[in-house]
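The values are calculated or read from the model by the stated rules, or taken from the named source; none is laboratory data. This one's a predicted model, so the numbers in the text were calculated from it and none came from an experiment. Ideal geometry is used to build each Cβ from the backbone, glycine not excepted, and the neighbour counts take in all protein chains shown. For the accessible areas, the whole protein counts, side chains as well, though only heavy atoms, and no ligand, DNA or RNA atoms are used. Shrake-Rupley method; radii C 1.70, N 1.55, O 1.52, S 1.80 Å.
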Amino acid sequence: VPAGQGIVADFRGLRCDDDVDFTHSLYVDQFDWEKHINVEDRNIDYLQNTVKAIYKAVYDTEQAVAKKFGIEAILPEHITFISSDVALKEYPDASAKERENIYCAKHKAVFFMGIGGNKADGTLRHDGRAPDYDDWTTSRPCGGSGLNGDILVWNPLLKQSFELSSMGIRVNPTVLEKQLDLCGNNERKELIWHKMLLDGTLPQTIGGGIGQSRLCQYFLRCAHIGEVQHGWYNPEEVEFLKKKNVCLLGLGEY
């Protein structure tokens with residue numbers, strides 16, 4: 001696949017070790033995509049331009065759904081970029097989720113840059129990321145680090161931030177070695193994929209996942225992901241939600 005092109009997978013899977021709640025299901029459906037990029041594309045401008053293109057598709061889709069089903073369109077035309085490092089300095093006593101809520105409530109659509117890695121005290125800077133996935137250590141001109149992030153929107157029904165996509169520029173050989181060392185996972189260098197990246201067989205890429213049911217839940221203003229996909233949910237929760245006129249597909253049955 002030449003630079004500038006990539007692949008999209010219509011992924012369907014089961015994540016049986018995930019916690020199930022109103023935005024997470026054991027059944028996962030998402031668009032996983034990966035794009036071949038040039039070495040010189042590993043920068044914040046390329047990342048932000050990619051985010052803008054994805055967000056435009058989300059914005060245009062909400063406009064179409066709103067028109068067809070008579071739902072008020074609420075997304076702003078443009079997404080706001082927020083550095084997790086800056087957010088941490090501005091709200092040092094808030095949790096990562098609380099910081100996301102603060103910025104999403106203000107801007108309605110946000111790309112939180114710099115996900116992964118620890119603070120000086122050893123605790124997470126802003127959520128976790130695997131060391132052999134996105135680049136969360138490369139310095140950015142703004143003073144923060146990381147060429148990755150999450151697309152978040154404000155959910156007016158749930159009154160909280162709502163993740164639509166996790167994405168980023170992937171590790172290159174130098175960043176992979178650095179992040180594996182930081183996480184104490186150097187033994188992974190002997191795995192096939194890691195060897196192929198380190199010896200230059202694999203190209204530089206950018207990629208991510210876009211939740212299909214998560215998008216539907218947001219566009220249709222549903223309170224629970226089970227309203228737009230079949231899955232297993234706690235029967236007691238299902239009965240409680242029925243009393244609130246929230247009916248889940250799958251009915252919480254085994």
query = Along the positive direction of the dipole of region 144-254 (beta-carbon charges: Lys, Arg +1; Asp, Glu -1; about the Cα centre), which of Pro173, Asn185, Gly226 reaches farthest?
reply = Gly226
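Which length gain, in nm to one decimal place, applies between Ala73 and Cys216 when the Cα-Cα distance is subtracted from 0.36 nm times their residue separation? Display every interim value, and only then the final one.
Numbers: separation 143, 0.36 × 143 = 51.48 nm, distance 1.37 nm.
This chain segment gains 50.1 nm when fully extended.
How much area per residue is accessible in region 202-245 when the probe is 1.4 Å and only protein heavy atoms are counted (Å²)?
The answer is 46 Å² per residue.
Probe of 1.4 angstrom, ligands and nucleic acids ignored: what's the accessible area per residue over region 110-151, in square angstrom?
Details: 1470 Å² over 42 residues.
Counting only protein heavy atoms, the per-residue value for region 110-151 is 35 Å².
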key: Backbone N within region 120-149 under 19 Å of label point (7 Å from Asn49 Cα along the Cβ vector)   = 140-142, 147-149
message = Leaving out ligands, DNA and RNA, and with a 1.4 Å probe, what % of the accessible surface on the chain is carbon or sulfur?
response = 55 percent
note = Note to self, the chain gives a 222 nm [θ] from helices alone (DSSP H runs n ≥ 4, -39500 (n - 2.57) apiece, / all residues, nearest 500) of -9500 deg cm²/dmol
message = Place a point 7 Å from the Cα of Asn38 along the Cα-to-Cβ direction; which residues of region 205-226 have their backbone N under 17 Å from it?
response = 205-206
ask   = Could you give the length gained on full extension between Arg12 and Ser95, defined as 0.36 nm per residue of separation minus the Cα-Cα distance, in nm?
value = 26.8 nm
request  = Starting from the Cα of Lys244, draw a straight line to each of the lysines and keep only those under 24 Å, dropping any in the same chain fewer than 8 residues away.
outcome  = Lys159
task = For the chain, find the longest principal axis of its Cα atoms and tell me its angle to the long axis of helix 173-183, 0 to 90°, nearest 10.
result = 70 degrees
key: Among 195-201, 158-164, 124-130, 109-115, the order from most to least packed when residues are scored by Cβ within 10 Å on average   = 109-115, 124-130, 158-164, 195-201
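Which whole-number percent of Cα pairs in the chain have a distance greater than 32 Å?
Values: 8314 of 32131 pairs.
I get 26 percent for the Cα pairs in the chain exceeding 32 Å.
Restricting to region 96-254, compute how many DSSP beta bridges are antiparallel as a %, nearest 5.
Values: 21 of 21 bridges.
Around 100 percent of the beta bridges assigned by DSSP in region 96-254 are antiparallel ones.
Which whole number in µm²/s is D for region 36-96 by Stokes-Einstein, with the Kirkwood Rh taken over Cα pairs at 20 °C and 1.002 mPa s?
Details: Rh = 14.4 Å.
Rounded to a whole number, D works out at 149 µm²/s.
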request  = Quick one: angle between helix 44-69 and the longest Cα principal axis of the chain, in degrees between 0 and 90, rounded to 10, please.
outcome  = 10 degrees
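In debye, nearest 20, what is the charge dipole magnitude of the chain about its Cα centre with +1 on Lys and Arg Cβ and -1 on Asp and Glu Cβ, if you could check? Numbers along the way, then the final one.
Values: 28 positive and 37 negative charges, 132 e Å.
Using Cβ point charges on Lys, Arg, Asp and Glu, the chain gives about 640 debye.
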ask   = Seen from all sides and averaged, what is the projected area of the convex hull of the Cα atoms in region 132-240, in nm²?
value = 10.3 nm²
task = Any aspartates and glutamates with Cα under 20 Å of the Lys243 Cα? List them, leaving off those in the same chain fewer than 8 positions away.
result = Asp21, Glu227, Glu253
task = Keeping every protein chain in place, order Cys183, Cys16, Cys222, Cys142 by accessible area at 1.4 Å, biggest value first, i.e. largest first.
result = Cys16, Cys142, Cys183, Cys222
ask   = Does region 48-198 come out rounded, prolate or oblate by the C-alpha gyration tensor, with a ≥ b ≥ c the root eigenvalues, rounded set by a/c under 1.5 and, if not, prolate when a/b is larger than b/c and oblate if not?
value = prolate
ask   = Classify region 140-183: rounded, prolate or oblate, from the alpha-carbon gyration tensor (a ≥ b ≥ c, eigenvalue square roots; a/c under 1.5 rounded; otherwise prolate if a/b is larger than b/c)?
value = prolate
query = So, in region 31-153, how many Lys pairs have Cα atoms under 28 Å apart, if the pair is 8 or more places apart or on different chains?
reply = 27
